[in-house]
1. What are the pairs with Cβ atoms under 9 angstrom where one residue, in region 97-122, is free of Cβ contacts under 8 Å to residues at least 24 places away in the same chain and the other, located anywhere, is not in a strand (DSSP E or B)? Sequence gap at least six, or different chains.
2. If we scan region 41-49, do we find a residue that is farther than 24 Å from residue 99 by Cβ and surrounded by fewer than 16 Cβ atoms within 10 Å (Cβ to Cβ)?
3. Tell me, which residue of region 50-60 that is in contact (Cβ under 8 Å) with a residue 12 or more places away in the chain and more than 13 Å from residue 100 (Cβ to Cβ) is surrounded by the most Cβ atoms within 10 Å (Cβ to Cβ)?
4. Report the residue count in region 33-63 for those that are more than 30 Å from residue 111 (Cα to Cα) and over 20 Å from the mean Cα position of the chain (by Cα).
5. Which of the residues belonging to region 19-34 are in contact with a strand residue (DSSP E or B) (Cβ under 9 Å, 6 or more places away or on another chain) and surrounded by fewer than 14 Cβ atoms within 10 Å (Cβ to Cβ)?
């Protein structure tokens with residue numbers, strides 16, 4: 001994948017992927033100006049999109065039609081570790097997400113058992 005990143009401001013970043021441009025910023029409480037979504041919010045959104053596409057395609061391959069898929073994600077970031085404030089007792093001192101929890105709700109005319117069976121191999 002071709003990608004080009006460039007800094008637009010203190011926490012503002014622009015990424016070019018193929019023919020698309022994505023803009024990022026951080027909330028004001030994290031040195032940003034809150035003009036766009038943050039990279040870590042975007043990562044959660046991308047993970048949710050990957051889950052949705054994967055579930056949908058795998059169900060379709062097994063003849064199951066899904067009416068809707070809702071993915072709710074919750075991620076926990078070690079913000080002090082991310083900001084380089086290592087050495088604080090109790091922190092794992094690792095930047096980024098420590099855990100991501102996904103709750104998936106699927107609506108289908110197929111039985112719950114058939115939907116579960118179609119997705120277990122995935």
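Derivation of every value follows stated rules applied to the coordinates shown; laboratory data play no part. Just so it is clear, the model here is predicted, and its values are computed rather than measured. Here the Cβ positions follow ideal geometry from the backbone for every residue, glycine too, while neighbour counts run over all protein chains shown.
1. Note: pairs meeting the criteria are 98/78; 98/81; 98/92.
2. no
3. If we take residues in region 50-60 being in contact (Cβ under 8 Å) with a residue 12 or more places away in the chain and more than 13 Å from residue 100 (Cβ to Cβ), then 59 is surrounded by the most Cβ atoms within 10 Å (Cβ to Cβ).
4. 1
5. Of everything in region 19-34, those that are in contact with a strand residue (DSSP E or B) (Cβ under 9 Å, 6 or more places away or on another chain) and surrounded by fewer than 14 Cβ atoms within 10 Å (Cβ to Cβ) turn out to be 21, 23.
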